[in-house]
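In what follows, a single structure is set out as structure tokens and then discussed.
No value in this document is a laboratory result; all are computed from the given coordinates. This structure is a prediction, so every number in the text was calculated from the model and none was measured. Cβ placement follows ideal geometry from the backbone for every residue including glycine, while neighbour counts extend to all protein chains displayed.
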Amino acid sequence: MLRTNMVLLFFVVFCALGVVTSQHKARKFFQALETEQERAKQLDVEFGQLQLELSTWATHPRIEKIAKERLKMRVPEPRSVLVAAPREQRP
């Protein structure tokens, strides 16, 4: 009987240590999950800011200004522009 009680006590202690270890790991994983979710939120905010910045940099007036000032481009004169009319398709 004493031997059986000792074996059962060993299994109870072993199971209790397993429960404590698994709870500790679960808490660490949950903490890591919350950290990564916070990082994902920060990246979403940063992505939105970058999209806004991109739309600001790609506005038509800004591109036209850079083309005129830096690249020395100009609008062609109307007489030098050729307009090609599309051909009519035959059925």
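Taken over segment 58-77, the criterion of being part of a helix (DSSP H, G or I) and surrounded by 10 or more Cβ atoms within 10 Å (Cβ to Cβ) is satisfied by 62, 63, 64, 65, 66, 67, 68. Has segment 78-86 got at least one residue that is out of contact with any Pro (no Cβ under 7 Å at 6 or more places or on another chain), part of a loop (DSSP other than H, G, I, E, B), among the small types (Gly, Ala, Ser) and free of Cβ contacts under 8 Å to residues at least 24 places away in the same chain? Within segment 78-86 (the criterion being out of contact with any Pro (no Cβ under 7 Å at 6 or more places or on another chain), part of a loop (DSSP other than H, G, I, E, B), among the small types (Gly, Ala, Ser) and free of Cβ contacts under 8 Å to residues at least 24 places away in the same chain), the answer is yes, since at least one residue qualifies.
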